[in-house]
Structure formats: C-alpha cells, structure tokens
Amino acid sequence: MSSTESLLEVVGLTIHYPGQETNAVDDVSFGIGEGEIVALVGESGSGKSTLARGVAGLLTDPAIDVTATALRFDGAPIKRNVGAVLPSRVPGVTMMFQDASTSLDVVWTVEEQLLAILRNTERISKKAARDRARTWLDRVGLADTDRVMGSRPYELSGGMRQRVMLALALAGSPRLLIADEPTSALDASLSRLSMQLLTSLSSELNTALLIVSHDIAMCTEFSDRTLVMYHGAIVDRGASATLAETVVHPYAQGLLACVPSFEHLDDDELPTLDSFMNGPKAQEAIS
Ligand SMILES: Nc1ncnc2c1ncn2[C@@H]1O[C@H](COP(=O)(O)OP(=O)(O)OP(=O)(O)O)[C@@H](O)[C@H]1O
C-alpha cells in the first residue's frame, strides 16, 4: 500500500452523546496512510478524544450515536461492539492514553505487562518474550532494564512510566498507534523528548501515528500533516511544515498566532486565543 492510500479511512463520521445539544464529532472525514504521522489538534472539548475513541472502536455504550458513511481500517469496517462490557480490539490499532499512572496496571510488574502483550501477539516462549521485552525497554531508552522489568508502575518516575507505556503500545506491533495527549502529564523538556521518541520509533517501525493534542506548536514540528478541530468539526488541515502559511480558518490562525515566541516578548499584552477569537475579523469569518 502506498502512503497516499488510506490505511485508516474516515468519511462523514458523526458522534452524539445522549443529552448533549450538539454533536461531539460532526461530519468528520480524513484518512491516514501507512506510516504517516498525523496530528489532531484543538482546544479542550473540541471533540478530539471522542473522535480518537470512535476510530479505535472504543465507544461501546449503545446510548452514544455513531454514524459514518465509511469507517474502515485496512479496508475492513471498524466494529463498535455495541453494548459489550469490553470493546473488541480493532486488529492493528492500539490506543495510548494520556496519563501513564491510570493506564498502566498498578499490580503487575512492567515485565508481566510486557510479556502479556508480547505472548498475546505472537506464539513465543516465555524466555523469548522476556528477551524481546528487554529489547523494547532498551529501544524506548530505559537502560536499567532489570530494575524496570521488576518494577511496578508507581516505583518509576513519570518520564519512565511514559516510556514503559510507549514500549507496551509498540510491543503489540500496531500498524496505527493513536496517542491521546501523549505528553500532557510531563514537563516541557520531557514532553519534547517523549514526542521525539514517539515519532522516531513510529517512523522506524513504519507505524502510522495519530497524535491527539492541544499543543499545535509541538504537533506541527513532529507530524507530517495536521488536522485542526473546532466544535466537533475539522475546520482546517494541511502539511504541518507549511500549516502557518496555508491555514484559512480563524480558529486555526488563532491557535498558531498564540504560540509563544520571542517576537512577542516586548508586547504589553501577549496574544491569547480568546482575544483572537473575539476580534472582529474572526467573528465575521465564523458567523
Ligand atoms: N461520556 C460523555 N458524555 C457526554 N458528553 C461527553 C462525554 N464525553 C465527552 N463529552 C462531551 O463531548 C465534547 C467533546 O469532548 P472530548 O473529550 O472529545 O473533547 P477533547 O477535545 O478531547 O477535550 P480534552 O482535550 O479536554 O480531552 C465535549 O463537549 C464533552 O463535554
């Protein structure tokens, strides 16, 4: 499959939660090619996580209304498993959640968690799985593998837990990894390192990546393409490297205008998204 063909195909996806006036995701269409890195950015409440969960087949609650003209992964329809206690896995798709402390099992050691995934993915002996687990920890930059393997998540630092989550996510050899706010629990310098690791390993493994984030500056730096979400819809999209020159929607322009830069250091007031969106130009364009 060439990178121009869609590994993930989403056409006209609409998601509505019961009791809500508006759709959380409203007629959204996009694709992701094999090995492509796509960022989905937007403010809190714009519908990013709902869209990500819809694509990963995790919205099993029958009260949530999910409709789409097409929702396919590798040509096969993504099943929702409506009403099931556990969502069924979309083969080849893994979702990594924002907070390592709630996503990792606190009772199991890192070794037990890695082995469970590795032996579930491939029929290999315990010894082979243990060797593979060590290699994964090494690949995500956790050099002290013996200690990490024997640790429970709460015995590791936040940055180490994040790396363990990445090892667990990639150990299942997904073709698409959806990372929901992968760095939001980390400080600024660890966030950058973590994003570098996530994107470089995904590229090396040719794993497509959907990064869900509110941080447009970081996302445009590390992704091939960016989708900008606002009030449930994708309002702008383009190549990340040139997004600043191509965006036309005022919200997307506002997000980019509010990225902190040294240029604004002497200004009396730094730009904010609210002030940008309440300005006459943005209001006129939206109405
Ligand atoms: N289980 C739910 N029931 C009802 N409404 C929900 C539910 N989950 C999310 N919503 C609503 O759907 C909208 C989109 O929420 P969503 O969490 O997808 O946005 P988001 O962009 O991912 O925000 P954040 O970055 O804060 O996670 C919001 O208005 C939210 O309140």
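Readers should treat all values here as calculations from the given coordinates under stated rules, not as data from a laboratory. This one's a predicted model, so the numbers in the text were calculated from it and none came from an experiment. Glycine also receives a Cβ, built like all others from the backbone with ideal geometry; neighbour counts cover every protein chain displayed.
Where does the chain land on Rg/Rh, using Cα atoms and the Kirkwood Rh? The partial results should precede the final answer.
Values: Rg = 19.9 Å, Rh = 20.1 Å.
Radius of gyration over Kirkwood radius for the chain works out to 0.99.
Starting from the amide H of residue 7, placed 1.01 Å from N in the peptide plane, find each other amide H under 5 Å away whose residue is 5 or more places distant or on another chain.
Sorted by chain and number, the residues that satisfy this are 32, 33, 34.
Ranking 213, 184, 6, 103 by Cβ neighbours within 10 Å, fewest first, what do you get?
Details: 213 25, 184 13, 6 21, 103 18.
Exposure proxy ranking, most exposed first: 184, 103, 6, 213.
At R0 = 25 Å, how high is the FRET efficiency between residue 105 and residue 82 if r is their beta carbon distance? Nearest 0.05 is fine. Mind dumping the intermediate values first?
Working: r = 26 Å, r/R0 = 1.06.
My answer for the efficiency is 0.40.
Under unit Cβ charges (Lys, Arg +1; Asp, Glu -1), what dipole magnitude, rounded to 20 debye, does the stretch 93-173 have relative to its Cα centre? Walk me through the numbers on the way to the answer.
Details: 12 positive and 10 negative charges, 56 e Å.
Computed about the Cα centre, the dipole is about 260 debye.
Are there GluC sites (Glu not before Pro) in the stretch 1-99 that DSSP marks as loop and that have at most 11 other Cβ atoms within 10 Å, and which are they? Write down the numbers at each step before the final one.
Details: sites: 5, 9, 21, 34, 36, 43; in loops: 5, 21, 34, 36, 43.
For GluC sites (Glu not before Pro) across the stretch 1-99 that sit outside H, G, I, E and B with at most 11 neighbouring Cβ atoms in 10 Å, the list reads 5, 21.
Using θ = phi - 60° and the Karplus form 6.51 cos²θ - 1.76 cosθ + 1.60, what ³J(HN,Hα) does each residue of the stretch 238-249 get, whole Hz, x for Gly and Pro?
x, 4, 4, 4, 10, 4, 4, 8, 9, 5, 10, 6
Using θ = phi - 60° and the Karplus form 6.51 cos²θ - 1.76 cosθ + 1.60, what ³J(HN,Hα) does each residue of the stretch 145-162 get, whole Hz, x for Gly and Pro?
So the Karplus estimates, Gly and Pro as x, are 5, 4, 5, 5, 4, x, 8, 8, x, 6, 8, 10, 6, x, x, 5, 4, 4 Hz.
Residue farthest toward the positive end of the dipole of the chain, with Cβ of Lys/Arg at +1 and Asp/Glu at -1: which of 173, 42, 191?
173
With the Cα gyration tensor of the stretch 93-173 in hand, convert its eigenvalues to equivalent ellipsoid semi-axes via √(5λ) and list them largest first in whole Å. Let's see the in-between values first.
Numbers: eigenvalues 64, 41, 25 Å².
Equivalent-ellipsoid dimensions as semi-axes: 18, 14, 11 Å.
Rank 120, 158, 218 by how far each Cα sits towards the positive end of the charge dipole of the chain (+1 on Lys, Arg Cβ; -1 on Asp, Glu Cβ) and give me just the farthest.
120
Give me P(r) over the stretch 145-236, computed from all C-alpha to C-alpha distances, binned every 5 Å, as integer percentages.
Spelled out bin by bin, the stretch 145-236 gives 2, 12, 24, 21, 19, 13, 5, 2, 1, 0 percent.
In whole percent, what relative contact order does the chain give with Cα contacts below 8 Å and a gap of six or more residues?
Working: 531 pairs, mean separation 63.3, N = 287.
Taking the mean separation of contacting Cα pairs over the length of the chain, I get 22 percent.
Output ³J(HN,Hα) for the stretch 170-184: one whole-Hz value per residue in order, computed from phi by the Karplus curve 6.51 cos²θ - 1.76 cosθ + 1.60 with θ = phi - 60°, and x for Gly and Pro.
Working through the residues one at a time gives 7, 4, x, 6, x, 8, 9, 10, 9, 10, 8, 6, x, 10, 5 Hz.
Go through 203, 13, 240 and say which Cα lies farthest out towards the positive end of the charge dipole of the chain; charges sit on Cβ, +1 for Lys and Arg, -1 for Asp and Glu.
203
What is the gain in length, in nm to one decimal, between residue 157 and residue 192 on full extension, counting 0.36 nm per residue of separation less the C-alpha to C-alpha distance? Let's see the in-between values first.
Working: separation 35, 0.36 × 35 = 12.60 nm, distance 1.65 nm.
Roughly 10.9 nm would be gained on extension.
If each residue's Cβ is checked for other Cβ atoms within 10 Å, how do 207, 145, 246 rank with the fewest at the top? If you can, show how the numbers build up before the last one.
Numbers: 207 22, 145 16, 246 13.
Going from sparsest to densest Cβ surroundings: 246, 145, 207.
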